[in-house]
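**Student:** Have a look at the structure that comes next, please.
The values are calculated or read from the model by the stated rules, or taken from the named source; none is laboratory data. Bear in mind that the values here come from a model prediction, so they are computed numbers and not experimental data. Methodologically, a virtual Cβ is constructed for each residue, glycine included, from the backbone with ideal geometry; neighbour enumeration extends over all protein chains shown. When the accessible area is computed, the model is the full protein with side chains, heavy atoms only, and any ligands, DNA or RNA have been set aside. Shrake-Rupley method; radii C 1.70, N 1.55, O 1.52, S 1.80 Å.
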Amino acid sequence: MAERIVIFGGTFDPIHHGHLITARAVAEHFGFEKVTFIPAKAPPHKGDAQHKSAPADDRLEMVRLAVTGSDMFDVSDVELQRDGPSYTFDTLMSLRRMYGADAQLYWIIGADMLGDLPTWYRAGEVIEIARIITAARPPYNQRIPAMLDELREHFSAERVSGLSERVVSTPLIDVSSTQIRRRLGQEKTVKYLMPDAVIDYIRRRGLYHTD
Ligand code: ATP
């Protein structure tokens with residue numbers, strides 16, 4: 001069987017249990033041996049004026065701490081090594097070079113990202129090179145059928161049916177990095193939202209504080 005490379009890309013600002021539970025559920029659903037988290041250096045679709053974000057190196061380190069000891073997850077710094085916006089297309093090209101033409105590339109997204117796919121840089125090629133897996137995420141998963149319909153205006157019927165076949169009903173975990181940054185800004189506890197090692201790191205480095 002061809003090698004299967006499974007990527008979960010994101011800002012991970014910070015990583016939380018929503019990411020980890022989703023990645024595990026996707027891996028179990030498809031029988032993947034490994035999911036590789038790839039934190040973005042400069043995500044093209046993110047900008048949060050209200051809450052502080054953490055530097056890329058810290059976001060990478062938090063993912064590293066979150067996956068330490070796991071035999072299912074690992075982390076790659078491939079996007080941190082590139083300057084400019086972290087385009088998924090460029091990352092897929094690097095992965096192709098690393099693993100060769102025969103490897104099957106999978107890219108996990110949460111349901112909130114499905115409708116945004118056409119805005120991605122070289123989106124048509126991205127969905128050709130990688131098999132996109134869409135995980136459930138409240139409340140966006142209710143809109144998945146409508147989003148798939150809208151995607152028909154941008155991608156071929158064959159591609160949209162591929163996207164649709166790889167929608168996975170993962171557990172609905174209503175946790176976001178925005179919620180965590182907000183809670184930290186308000187000095188509320190973030191216990192149980194993310195691994196303790198990540199919480200300790202945030203404290204030690206004084207990340208996400210408003211002043
Ligand atoms: P933010 O609140 O800053 O927008 P986020 O919580 O959405 O962050 P990201 O790092 O932007 O986290 O997400 C990376 C990927 O993980 C995206 O594809 C996103 O859809 C998915 N994701 C994030 N949180 C969840 C969740 N709770 N359930 C399922 N998928 C999720």
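**Student:** Taking the options Phe89, Phe12, name whichever one is farther than 23 Å from Pro171 by Cα, among the aromatic types (Phe, Trp, Tyr) and either modelled with pLDDT under 95 or open to solvent by less than 60 Å² (accessible area, probe 1.4 Å) (or both).
**Tutor:** After ruling out the rest, the residue left standing is Phe89.
**Student:** List pairs: first residue in region 177-192 and within 13 Å of Pro14 (Cβ to Cβ), second residue open to solvent by 20 Å² or more (accessible area, probe 1.4 Å) and not in a loop (DSSP other than H, G, I, E, B) anywhere in the structure, Cβ distance under 8 angstrom, at least six positions apart or on different chains.
**Tutor:** So the pair list comes out as Val190/Arg183.
**Student:** Would you mind finding the one in Arg59, Arg96, Arg64 that is open to solvent by less than 70 Å² (accessible area, probe 1.4 Å), assigned to a helix (DSSP H, G or I), more than 13 Å from the ligand (Cβ to nearest atom) and among the basic types (Lys, Arg)?
**Tutor:** The unique qualifying residue is Arg96.
**Student:** Also, I was wondering about something else. It is to be established whether one or more residues within region 74-82 are modelled with pLDDT under 95, within 14 Å of the chain's Cα centre (by Cα), in a loop (DSSP other than H, G, I, E, B) and surrounded by fewer than 20 Cβ atoms within 10 Å (Cβ to Cβ).
**Tutor:** no
**Student:** Further, regarding this structure: Which condition number does Met147 fail, the rest of (1) surrounded by fewer than 20 Cβ atoms within 10 Å (Cβ to Cβ); (2) farther than 24 Å from Arg24 by Cα; (3) not aromatic (Phe, Trp, Tyr) being met?
**Tutor:** Tallying (1) surrounded by fewer than 20 Cβ atoms within 10 Å (Cβ to Cβ); (2) farther than 24 Å from Arg24 by Cα; (3) not aromatic (Phe, Trp, Tyr), Met147 fails exactly one: (1).
**Student:** Would you point out the residue of region 102-121, among those that are touching a helix residue (DSSP H, G or I) at 6+ places or on another chain (Cβ under 7 Å), part of a helix (DSSP H, G or I) and within 17 Å of Ser176 (Cβ to Cβ), that is nearest to the ligand (Cβ to nearest atom)?
**Tutor:** Taking the candidates together, the pick is Asp112.
**Student:** OK, next. Within region 125-202, which helices (runs of 4 or more DSSP H) (wholly inside it) include 2 or more residues that are within 13 Å of the ligand (Cβ to nearest atom)?
**Tutor:** Counting at least 2 such residues, we get 144-151, 177-185.
**Student:** Could you please tell me which pairs satisfy a Cβ distance under 7 Å, a separation of 6+ or placement on different chains, a first residue in region 130-144 that is within 17 Å of Leu92 (Cβ to Cβ) and among the charged types (D, E, K, R), and a second residue that is open to solvent by less than 30 Å² (accessible area, probe 1.4 Å) and not in a strand (DSSP E or B)?
**Tutor:** Arg131/Gly162
**Student:** Sort through Thr88, Thr170 and tell me the only one that's in contact (Cβ under 8 Å) with a residue 60 or more places away in the chain, among the β-branched types (Val, Ile, Thr) and within 20 Å of Ala25 (Cβ to Cβ).
**Tutor:** Thr170
**Student:** Now a separate question. Out of region 26-43, which residues are within 12 Å of the ligand (Cβ to nearest atom) and either surrounded by fewer than 18 Cβ atoms within 10 Å (Cβ to Cβ) or modelled with pLDDT under 95 (or both)?
**Tutor:** Within region 26-43, Pro43 is the sole residue that qualifies.
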